[in-house]
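Data first, discussion second: the structure below is written as structure tokens.
The values are calculated or read from the model by the stated rules, or taken from the named source; none is laboratory data. Keep in mind it's a predicted model, so treat the numbers as computed, not measured. Here the Cβ is made from the backbone with ideal geometry for all residues, glycine too, and neighbour counts use every protein chain on show.
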Amino acid sequence: MPTPPQHPALVIIGVGPGDPELITVKGLQALQQADVVFAPIAAQGKPSIAQSIVQRWLRADQTLVPILTPMVRDETALQAARQAAAETIAQALQPDRRGAYIILGDPMLYGTFTPIAQRLRQIAPDIQITVIPGVTAISAAAAATETPLASGSERLAIIPGLRERSRSEVQRLSRKFARVAIMKAGPAFPMLMDALEEMGLLDDAVYVEKIGLEGETILRGKALTQAPREKRAYLSLMLIHNPTARSARTSSPQPEPARTYPAHLINLDKKRIVVAGGGPVGERKVRGLLAAGARPVLVSPEATPQLRAWAEQGRVTWRARPYDSMDVYAADLVFAATDNKALNERIAADAAEAGAWCNVADDPHLGDFHVPAVHRTQGLVVGVGTEGKAPARASAIRDRIARWLASSQESDQ
């Protein structure tokens with residue numbers, strides 16, 4: 001038997017989404033060592049789902065204390081319930097008892113104990129609180145349906161119930177993030193179905209209800225598209241995959257040739273252009289932009305002598321500091337040209353979120369456009385590109401064309 005604590009102790013245990021066998025070994029040990037088990041309930045007289053999950057692991061001599069965590073929007077009622085919960089826990093653990101607060105999923109993901117903990121520390125600072133993570137419903141649903149939550153450099157958005165979210169908000173998130181997990185999706189099921197159908201994303205969506213519990217339901221494919229569009233259970237979630245989302249691009253080579261559309265950008269002096277990176281690559285990007293009439297903003301703690309000279313001449317605005325996500329806010333074009341691959345990926349993700357087109361120097365497929373090797377002469381502009389695959393080759397071909405043009409012009413004179 002473990003040595004009893006010399007002071008009251010409380011362990012917050014994530015018991016998983018429903019399957020009793022998904023509780024962690026550490027969580028099970030802490031549960032069985034507790035003198036008091038606190039089980040949250042949504043309303044007086046209602047059973048605790050968390051308690052039903054761990055019932056088989058409880059000892060007969062353990063004290064069970066229900067903790068009311070009402071699912072209401074009334075802030076006054078919520079504050080009163082949280083204060084009462086903290087006082088109940090504090091009293092039950094005195095003077096030196098060991099407690100376990102069991103909670104669905106993981107305590108740190110929309111857990112009911114977080115606001116209670118603040119009050120408990122105020123009224124009973126002697127109680128030692130520790131947290132043991134648990135398997136989330138999102139992870140369990142992804143495993144049950146073999147649905148990746150993220151792959152490569154994809155970004156995952158996790159959002160709570162959608163009672164206050166509109167169809168346009170769901171569509172906005174689905175365009176920005178390659179993967180979206182919506183918790184408590186059942187009450188908003190009709191709206192979600194309409195939003196995803198309009199975007200053509202229903203084929204890749206998965207709806208999961210009461211994962212690991214009695215009444216578990218999984219809808220995908222034809223079963224999902226034909227499901228009645230009516231409100232469903234509260235304990236539910238939806239996993240959305242949008243392979244065309246801007247954050248769905250990965251750094252791995254594309255299996256199919258990139259499809260490009262050559263174009264000349266004009267009026268760059270009227271565009272907000274940001275270049276992140278003050279090394280040789282950044283200098284090359286800025287040089288090309290200046291030749292096109294742009295007035296770029298350079299973000300980098302250091303800069304090459306040429307970049308410093310352009311900044312002193314007022315041709316470039318130099319922010320001599322590390323990159324910040326706000327640097328791309330309201331930008332039209334962004335160039336990620338640092339020597340840090342992870343930072344370039346972050347810049348590309350920030351640009352996608354800000355709605356700006358981005359060129360990524362060390363991973364062309366991660367961005368929105370490539371920059372060709374350019375030669376200008378006597379009103380003629382020649383651009384040579386290899387769809388980002390071989391910049392050196394493009395430069396060599398450009399130089400050959402430049403020499404040919406020069407010799408042709410000489411022979412014409």
* Could you please find all residues in segment 210-233 being more than 12 Å from residue 145 (Cα to Cα) and surrounded by 14 or more Cβ atoms within 10 Å (Cβ to Cβ)? => 210, 212, 213, 216, 224, 225, 227, 232, 233
* Asked: Out of all the residues in segment 163-184, is one or more assigned to a loop (DSSP other than H, G, I, E, B), touching a residue at least 40 places away in the same chain (Cβ under 8 Å) and among the aliphatic types (A, V, I, L, M)?
  -> yes
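Identify all residues within segment 88-134 that are small (Gly, Ala, Ser) and not in a helix (DSSP H, G or I); write none if there are none.
Listed by number, the residues that qualify are 99, 100, 105, 111, 124, 134.
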* When residues of segment 142-193 are filtered for being aromatic (Phe, Trp, Tyr) and more than 25 Å from residue 112 (Cβ to Cβ), how many remain? -> 1
* To do: Only residues in segment 350-366 that are outside the structural domain of residue 392 (by TED's automatic domain parsing) count as the first member; pair them with residues that are at pLDDT below 80, Cβ under 6 angstrom, at least 6 apart or cross-chain, and list the lot.
  => 352/246; 352/247; 363/251; 364/388; 365/254; 366/249; 366/251
* Structure fact -> Across segment 13-36, the tally of residues that are surrounded by 12 or more Cβ atoms within 10 Å (Cβ to Cβ) and more than 23 Å from residue 210 (Cβ to Cβ) stands at 8
* Structure fact -> From the option list 88, 112, 76, 130, single residue qualifying as out of contact with any Asp or Glu (no Cβ under 8 Å at 6 or more places or on another chain), outside the structural domain of residue 236 (by TED's automatic domain parsing), among the polar types (S, T, N, Q) and surrounded by 18 or more Cβ atoms within 10 Å (Cβ to Cβ) is 112
* Within segment 1-56, tally of residues that are in contact with a helix residue (DSSP H, G or I) (Cβ under 8 Å, 6 or more places away or on another chain) and aliphatic (A, V, I, L, M) -> 15
* Structure fact -> Residues of segment 185-214 being in contact with a Pro (Cβ under 8 Å, 6 or more places away or on another chain) and in a helix (DSSP H, G or I), in sequence order, are 204
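Taking segment 37-53 on its own, how many of its residues are polar (S, T, N, Q) and surrounded by fewer than 18 Cβ atoms within 10 Å (Cβ to Cβ)?
Residues that pass the stated criteria total 2.
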* What are the residues in segment 1-53 that are modelled with pLDDT of 95 or more and basic (Lys, Arg), if any? -> 26
* Residues in segment 194-205: is at least one among the small types (Gly, Ala, Ser), crowded, with 21+ Cβ neighbours inside 10 Å and at pLDDT below 90? -> yes
* Of everything in segment 373-388 that's surrounded by 15 or more Cβ atoms within 10 Å (Cβ to Cβ) and without any contact (Cβ under 8 Å) to a residue 60 or more places away in the chain, which residue is nearest to the chain's Cα centre (by Cα)? -> 386
* Elements of type strands (runs of 3 or more DSSP E) contained in segment 306-362, each with 3 or more residues being surrounded by 20 or more Cβ atoms within 10 Å (Cβ to Cβ) and within 28 Å of the chain's Cα centre (by Cα) -> 333-336, 357-360
* Asked: crowded, with 16+ Cβ neighbours inside 10 Å, at pLDDT below 95 and not in a helix (DSSP H, G or I) - does that describe any residue in segment 54-65?
  -> no
